[in-house]
Structure formats: structure tokens, C-alpha cells
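Derivation of every value follows stated rules applied to the coordinates shown; laboratory data play no part. In this text the structure is predicted, and so the values were computed from the model without any measurement. Cβ placement follows ideal geometry from the backbone for every residue including glycine, while neighbour counts extend to all protein chains displayed.
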Amino acid sequence: MRGKKNESIYVASKFAVRGFTESLIKELEETAIKVTAVYMGGMDTPFWKETDHIKDRSRLKSPDEVAKFIMEQNTGQAEMFIDR
């Protein structure tokens with residue numbers, strides 16, 4: 001959702017996914033297919049093990065917790081924010 005120091009490539013990939021998702025929403029609006037973009041502050045995956053960008057990984061949700069949240073809260077909205 002915003003640029004960050006020392007994470008330019010990672011942030012650029014996230015901006016690309018956002019544009020892709022917004023385009024899919026527009027392309028599929030006349031169909032029964034709904035697309036939801038999910039934005040979160042981070043998830044506890046091996047990605048974070050080799051970085052010092054996050055000091056306290058205990059605040060990150062597990063992939064299972066994130067998946068459960070998405071399944072429970074998704075009503076077909078265009079965007080969903082987790083821990084924002």
C-alpha cells in the first residue's frame with residue numbers, strides 16, 4: 001500500500017498485484033466471478049526468517065489463521081484488509 005526503504009522490488013511486485021486485481025475486477029464485473037484483493041501487514045512464513053525488517057514475528061498470523069479469516073470475512077467485496 002506504500003513504498004518502503006530497502007524493499008523496492010518487493011513493494012513493486014505488490015503494486016503490480018494490486019493493478020492486476022483491479023483489472024480483473026473490471027474485466028469480470030459482468031460475470032458471476034468475484035475477485036477480492038486481500039491486503040495484510042505480513043504473514044508468518046519462511047520469507048521473514050532471513051530478514052531484520054520485522055523485529056517481533058509473534059505479531060504475524062499463521063497462513064492457516066489468514067486463510068480462515070479470508071474464508072469467514074469474504075462477502076465478495078473488492079478489497080479486504082487484515083490488521084490494518
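Miscellaneous remarks
- Put a dot 7 Å past the Cα of Met43, heading toward its Cβ, do the same for Asn6, and the two dots end up 2.5 nm apart.
- FRET efficiency, Asp52 to Arg18 (Cβ-Cβ, R0 30 Å, nearest 0.05): 0.70
- Pairs from Lys4/Lys26; Lys14/Lys55; Lys5/Lys55; Lys26/Lys49 whose Cα-Cα separation, in the structure shown, is over 25 Å: Lys4/Lys26; Lys26/Lys49
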